[in-house]
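The values are calculated or read from the model by the stated rules, or taken from the named source; none is laboratory data. Everything numeric in this text was worked out from a predicted model, so none of it was measured. Backbone-built Cβ (ideal geometry, glycine too); neighbour counts: all protein chains shown.
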Amino acid sequence: MRLSEDDSHALAGAPAAPTYLEDGTTVMSWLNTRDHKRVGVMFLVSVILFFFLGGLFALLIRFKLLQPGPFFLDALGYNRMFTLHGVVMIFLFLIPSIPSAFGNFVLPLMLGARDVAFPRLNLFSYYLYLAGAVLAILAMIQGGADTGWTFYTPYSSTTATQVLPVLLGVFILGFSSILTGLNFIVTVHTLRAPGLSWMRLPLFVWGIYGTSIIQVLATPVIGITVLIVAVERVGGFGLFDPARGGDPVLFQHMFWFYSHPAVYIMVLPGMGVISETVAAFSRKNPFGYKAIAMSSLGIAFVGFFTWGHHMFVAGQSTFNAGAFGILSMFVGVFTAIKVFNWVGTMYRGAISFKTPFAYICGFLYFIVFGGMTGVALATTSLDIHWHDTYFVVAHFHFIMVGASVMAFLAALHYWFPKMFGRMYPEGWGLVAASLIILGFNATFIPQF
């Protein structure tokens, strides 16, 4: 129906519809919201708070290491601080940061959907995340666990520290991750706008889609694993305790079957962010769209078959070690495909060197450098000597913190105007990017 001239003037003079930030400004309007944008912002605020908290624990660890002996923290206190840092950074920041915050906000908008497939479930997943986080941190404050974030048995089954509530917190966090992944998969399959075929999806959507598959398939394994450890502590179950006929290596297999795919839960969304932003700031269409999209699924698939490279010194056979090493290197092929196409996108592009692009450059450096050290660690003969050394610590942080945080900060600056209706100070953004990249290298390069 055509609008009359009077109707057009009336519409032109009508007040603009309130934004999601203005549509209900009370605390309860946020806590009861089913708007994917508000849920995304609540996740964003939460993960940033936990990021600062985990970073504070890292500073305390480095402060303790300034001097040997019982300086500032005794041995038990150091182990508790180490565990707290790992649990907060991995389970409360790195895993949910990009999928739960930016995925929630941007994914439905990119698909042309009004919201995610299950809005109430989306809000419920946030409260599960918050409940698991509070339980884990309170347990740490009230005594804490000293097992490290890996909770290796049989020590985690027998230590007198507060392991049980931390395990239950991780278990609850796993449910939040599963529900978020399931919600995104259903959203991508059922709520795409008419004409938006699979090969026309934004590359960020492909990254979130591959991540969601990992979340749904791998997270139940860690849930079962930590639940068994909890049962061992309460009832003396003994599945992982050699004193009761159990096998602690079985725990390692179950833990790393989740925890290596979890690496891609942390990195794959960041790759989606880089695919999206590098095209925007190169002012070109993505080079090699299909290759980037399919490599996201390739990483998600092959990532399930590489967990054994964490266990080269755990007594596995030579054949298994070789197979896991080759498969681990194969993951690098998919990552190399992405890097090649990102560089191809930038080639002869009209590059705009803004703050997000500075973080893109940082991401490329960290993912290539960290990836090369990962290929070295996938070589059994080298890994046996480097196992439990600072080389592994540096590799881990180059990928988990360097690459993932670069992508997170690129996304934060890229979508900040979209999310909050205002611009960040560009000059200070570039200064911060420079300091973060230089400081990170000064911290971890010497560890190689």
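Annotations for the structure displayed:
- Residues located in the stretch 239-270, provided they are in contact (Cβ under 8 Å) with a residue 60 or more places away in the chain and surrounded by fewer than 16 Cβ atoms within 10 Å (Cβ to Cβ): PRO242, ALA243, VAL249
- Counted residues, the stretch 120-156 - those being in a helix (DSSP H, G or I) and of a type outside the set (Phe, Trp, Tyr): 19
- Restricting the stretch 154-178 to residues that are free of Cβ contacts under 8 Å to residues at least 60 places away in the same chain and not small (Gly, Ala, Ser), the residue that is nearest to GLY245 (Cα to Cα): TYR155
- Taking the stretch 340-371 as the range and being surrounded by fewer than 21 Cβ atoms within 10 Å (Cβ to Cβ) and either of a type in the set (Ser, Thr, Tyr) or more than 19 Å from SER296 (Cα to Cα) (or both) as the test, the residues that pass are MET346, TYR347, ARG348, GLY349, ALA350, ILE351, SER352, PHE353, LYS354, CYS361, TYR365, PHE369.
- Residues of the stretch 229-256 that are assigned to a loop (DSSP other than H, G, I, E, B) and within 17 Å of VAL163 (Cβ to Cβ): GLY236, PHE237, GLY238, LEU239, PHE240, ASP241, GLY246.
- Criterion: of a type outside the set (Val, Ile, Thr), within 25 Å of GLY77 (Cα to Cα), surrounded by 20 or more Cβ atoms within 10 Å (Cβ to Cβ) and touching a residue at least 40 places away in the same chain (Cβ under 8 Å) - qualifying residue of PHE184, PHE105, PHE151: PHE151
- Lone unmet requirement of (1) of a type in the set (A, V, I, L, M); (2) surrounded by fewer than 21 Cβ atoms within 10 Å (Cβ to Cβ); (3) in a helix (DSSP H, G or I) for MET423: (3)
- Yes/no for PHE416 being free of Cβ contacts under 8 Å to residues at least 12 places away in the same chain and surrounded by 16 or more Cβ atoms within 10 Å (Cβ to Cβ): yes
- Here is the figure for the stretch 419-448: residues that are under 16 Å from VAL393 (Cα atoms) and hydroxyl-bearing (Ser, Thr, Tyr) total 1.
- Whenever a residue of the stretch 56-71 is outside any helix (DSSP H, G or I), its partners that are at pLDDT 90 or above, lying with C-beta atoms within less than 8 angstrom and at least six residues away or across chains, give the pairs PHE71/LYS64.
Residue-wise test of (1) within 23 Å of LEU217 (Cα to Cα); (2) crowded, with 19+ Cβ neighbours inside 10 Å; (3) at pLDDT below 95.
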residue: GLY112; (1), (2), (3): no, no, no
residue: PHE124; (1), (2), (3): yes, no, no
residue: ALA133; (1), (2), (3): yes, yes, no
residue: ALA136; (1), (2), (3): no, yes, yes
residue: GLY144; (1), (2), (3): no, yes, yes
residue: VAL163; (1), (2), (3): no, yes, yes
residue: THR190; (1), (2), (3): yes, no, no
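- Of the residues making up the stretch 18-28, none is modelled with pLDDT of 95 or more, in a helix (DSSP H, G or I) and under 24 Å from PRO119 (Cβ atoms).
- Applying the criterion of being crowded, with 18+ Cβ neighbours inside 10 Å and within 16 Å of the chain's Cα centre (by Cα) to the residues of the stretch 54-85, the residue that is nearest to HIS413 (Cα to Cα) is GLY54.
- Leading residue by the ranking (surrounded by the most Cβ atoms within 10 Å (Cβ to Cβ)) among those in the stretch 271-306 that are of a type outside the set (A, V, I, L, M, F, W, C) and closer than 14 Å to ILE214 by Cβ: GLY272
- Test: residue in the stretch 382-396 that is closer than 30 Å to GLY40 by Cβ, under 21 Å from the mean Cα position of the chain (by Cα), aliphatic (A, V, I, L, M) and surrounded by 19 or more Cβ atoms within 10 Å (Cβ to Cβ): no
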